[in-house]
Amino acid sequence: MSAKKAKDDATMATATESAPDAHHTRHNLFDVVTQQLARGAAAINLDPDINTIVSQPKNELIIHFPVRLKSGEVRMFKGYRVQHNNILGPYKGGIRYHQDVYLDECKALASWMTWKCALAGLPYGGGKGGVKFNPKDYSHEDLERITRRFTHALGNNIGPEYDIPAPDMGTNSQTMDWMMDTYVNINAAVDRQAVKRVVTGKSIACGGSQGRDGATGQGVVYCIQEWAHSKRFTLDGSTLAVQGFGNVGSHTARILSRMGVTLTAVGDHTGYYYNAEGFNPHKLAEHNKKNHSLDGYPGGRRISREEFFALEVDILVPAALELQIGLDEAKEIRAKVVVEGANGPTDLDGDRVLAERGIDVIPDILANSGGVIVSYFEWLQNKRSESWDADEVQQRLERKMRRNYQSVMDKARDLKCDARTASYAIALERLREVYRARGIWP
């Protein structure tokens, strides 16, 4: 790593906690969460005291920690862990490695995890964290050093019955294996086997669950199937556009391709591509894995970001960063349904315009909950010293996703509201029930 790069990263580590780019500055991400929460709270007349409690995280941790890199250079890194709510169970949520991680982003994502877990009926609360750097600029060995040092710096702020991290953007099963191993080795020897469930999303060899890698994309597909069934829409022969072709986007496209859905448009931070005949999502995923982007894929015509959102497709899956669909994009979208594979891809203006135009939106806290559901299955298997086969995991995930989808649509009909507000209503009702039963101490 160059001296200039180290200096640039050091500058980022001490930068302001405001949103880092134009897409984020349409709305502060935590403000988006706050307004979504307000709509859900109003729909069920949530008690003001409970509303006050859930409107802010319990804990916001910012950690600066040194790492001696392979080169011998010592660098300071900036890490975050936000713990939003644990009334239903331990904090649960991903760790992302990205140069644009900032505090309000972590606060928003932790809040969404609270609603997502409550909606899914999981005994978890919401958490989220990350380290502010670009993992693509570091070697495998340096990533291990950064991960282990961050885990050590978090110390007892995580734990198998307290706060359970998982993979997110820029992290994977290898990251979780390192986190788990580090945590295990800083705890008493007699507890080492018992605390392996401190993280989920581990490799199978280290106690991970079958089906975890593709769980979020599979959950998105179950929601699309339920939507199609309710609309009497035939998926075979339909078209799909996916923004972001990482874990969620690629698995969604690959699973849908087996149902006859054609991926005609795809894009990421390096560019957008269109092919009327359809992309092969398996080859596209291989290219993306090898090159860490879609850049240079030969199978389609390059188009602009604006053209991508204006394409006439049946299904649009935003599976990249948050706040990608704003006022301008929502005015141009011609899809029949927007299925939020990413967290918070639609801002407040975009949400309003899509509703006005009658375009269905399957919200993030419902659509992309497959990952945390299978993370819960992994945690249970570790806790019970069990190992479930892939079919059992798949069946359990399918039952939960389809049931949750129907619950949201039933609530939307009852309250005469959109699916996002209905999702919040269900989540908040479950939190309210516990708060009313337990009360506020002292």
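Taken together, the values in this text are just the output of simple stated rules run on the coordinates, not laboratory data. These numbers were taken from a predicted model, which means no experiment stands behind them. Using ideal geometry, Cβ is built from the backbone for each residue, glycine included, and neighbour counts are taken over all protein chains shown.
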Notebook entry, point to check: Among bridges DSSP assigns within the chain, what percent are antiparallel (round to 5)?
Noted result: 50
Margin query: Order 332-344, 179-191 from most to least packed using the mean count of other Cβ atoms within 10 Å.
Written below: 332-344, 179-191
Checklist line | 3J(HN,Hα) from dihedral phi, the range 371-383, Karplus parametrisation 6.51/-1.76/1.60, rounded to Hz, x for glycine, proline | finding: x, 6, 5, 6, 4, 4, 4, 4, 4, 5, 4, 4, 5
Check: Binned at 5 Å from 0, what are the whole-percent values of the Cα-Cα distance distribution for the range 215-367, short to long?
Finding: 2, 10, 22, 26, 22, 14, 4, 1, 0
Checklist line | Estimated vicinal HN-Hα couplings, Hz - the range 306-319 in sequence order (Karplus 6.51, -1.76, 1.60; Gly, Pro = x) | finding: 5, 5, 4, 6, 8, 5, 8, 10, 7, 10, 10, 10, x, 10
Checklist line | For peptides 383-390, 165-172, 58-65, sequence by mean Cβ density within 10 Å, most packed first | finding: 165-172, 58-65, 383-390
Next item on the list: Output the antiparallel fraction of DSSP beta bridges having both residues in the range 215-367, as a percent to the nearest 5.
Entry: 30
Notebook entry, point to check: Considering only DSSP states other than H, G, I, E and B, which trypsin sites (Lys or Arg not before Pro) in the range 388-432 qualify as loop sites with at most 12 other Cβ atoms within 10 Å?
Noted result: K416
Item checked: For V82, residues with placed amide H under 5 Å, excluding near neighbours -> L61, K128, G129
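Classify the chain: rounded, prolate or oblate, from the alpha-carbon gyration tensor (a ≥ b ≥ c, eigenvalue square roots; a/c under 1.5 rounded; otherwise prolate if a/b is larger than b/c)?
Because its axes are fairly even, with a/c under 1.5, the chain counts as rounded.
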Notebook entry, point to check: By how many nm would the segment from N291 to R258 grow when fully extended, if each residue of separation counts as 0.36 nm and the alpha-carbon distance is taken off?
Noted result: 9.4 nm
Margin query: Using alpha carbons only, how many angstrom separate the centre of the range 57-119 from the centre of the range 310-384?
Written below: 22
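Sort the following peptides by mean Cβ neighbour count (other Cβ atoms within 10 Å, averaged over residues), highest first: 150-161, 107-118.
Output ranking for 150-161, 107-118: 107-118, 150-161.
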Next item on the list: Report Rg (one decimal) and Dmax (nearest whole number) for the range 279-362, counting Cα atoms only, units Å.
Entry: 13.8, 41
Notebook entry, point to check: Just from its helices, what would the mean residue ellipticity at 222 nm be for the chain, if runs of 4 or more DSSP H residues each count -39500 (n - 2.57) and the sum is divided by every residue, rounded to the nearest 500 deg cm²/dmol?
Noted result: -14500 deg cm²/dmol
Check: Under a 5 Å amide H to amide H cut-off, with H placed in plane at 1.01 Å, what residues pair with H98 once short-range neighbours are removed?
Finding: V131, F133
Notebook entry, point to check: Normalised by the residues of the range 215-367, what does the relative contact order come to in percent, with Cα pairs under 8 Å and at least six apart?
Noted result: 22
Check: Cα-Cα over 25 Å: which of K132/K290; K132/K289; K231/K416; K283/K400; K78/K290; K128/K400?
Finding: K283/K400; K78/K290
Notebook entry, point to check: Applying 1/(1 + (r/R0)^6) with R0 = 22 Å to the Cβ-Cβ distance of A42 and I440, what FRET efficiency is obtained, to the nearest 0.05?
Noted result: 0.50
Next item on the list: Give me the number: length gained by fully extending H64 to D31, i.e. 0.36 nm times residue separation minus the C-alpha to C-alpha distance, one decimal in nm.
Entry: 9.3 nm
Check: What residues have an amide H closer than 5 Å to that of F77, excluding those fewer than 5 places away on the same chain, when H is modeled at 1.01 Å from N in the peptide plane?
Finding: F65, V67
Checklist line | Candidate aspartates and glutamates for bridging to K202, where Cα separation is under 16 Å - those fewer than 8 sequence places away on the same chain excluded | finding: E144, D163, D168, D177, D181, D213, E378, E386, D389
Note to self: Percent of Cα-Cα pairs more than 22 Å apart in the range 21-142, please.
What the structure shows: 42
Notebook entry, point to check: Once the Cβ-Cβ distance between Q193 and R352 is put in as r, and R0 is 56 Å, what FRET efficiency do you end up with, to the nearest 0.05?
Noted result: 0.65
